[in-house]
Amino acid sequence: TFMEPFRRKTLRPADEVEAEILRRADPMTYEGLWGRPLAEVEEPIRRLGKPLAPQSIQELDALLAEVSQRTWDGEAEAELIRAEGRADGELYRDPRLQEGILATLEQRVADFREVDRP
């Protein structure tokens with residue numbers, strides 16, 4: 001087809017990417033690393049990848065599921081913008097966001113397992 005030359009090559013199969021996302025969003029993957037300075041855990045983080053905030057992955061999955069089931073028109077785009085705003089609002093109220101920000105500023109591994117949702 002016309003678009004064939006413009007398609008990006010896939011570096012990893014979708015199921016491998018999904019498995020890695022699930023592994024990196026699971027706080028238990030980083031057991032023993034929580035709270036430690038990033039400088040001390042360079043090798044494990046290089047091997048495991050940086051932790052992904054579980055709440056962000058959940059919200060993104062929900063948003064993408066909603067988008068993939070839509071027929072696109074002006075109203076659908078407006079609803080997507082509203083849905084994204086609601087998701088952002090939920091994330092900003094989630095105490096795990098503060099943990100992620102603090103961990104980044106303090107250059108340590110975030111510990112998402114002990115932080116409860118409101």
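Structural remarks
- Residue satisfying condition, being out of contact with any helix residue (DSSP H, G or I) (no Cβ under 7 Å at 6 or more places or on another chain) and either modelled with pLDDT of 80 or more or among the polar types (S, T, N, Q) (or both), within set 69, 55: 69
- Tallying residues that are in a helix (DSSP H, G or I) and closer than 16 Å to residue 97 by Cα within segment 25-56 yields 5.
- Test result for residue 39, surrounded by fewer than 13 Cβ atoms within 10 Å (Cβ to Cβ) and touching a residue at least 60 places away in the same chain (Cβ under 8 Å): yes
- Subset of segment 42-56 (residues that are open to solvent by 30 Å² or more (accessible area, probe 1.4 Å) and within 15 Å of residue 86 (Cα to Cα)): 56
- The residues on offer are 60, 11, 48, 64, and the sole one that is closer than 29 Å to residue 104 by Cα and at pLDDT 85 or above is 48.
The values are calculated or read from the model by the stated rules, or taken from the named source; none is laboratory data. These figures come from a predicted structure and were not determined experimentally. Methodologically, a virtual Cβ is constructed for each residue, glycine included, from the backbone with ideal geometry; neighbour enumeration extends over all protein chains shown. Side chains included, ligands, DNA and RNA excluded: accessible areas come from the protein's heavy atoms. Shrake-Rupley method; radii C 1.70, N 1.55, O 1.52, S 1.80 Å.
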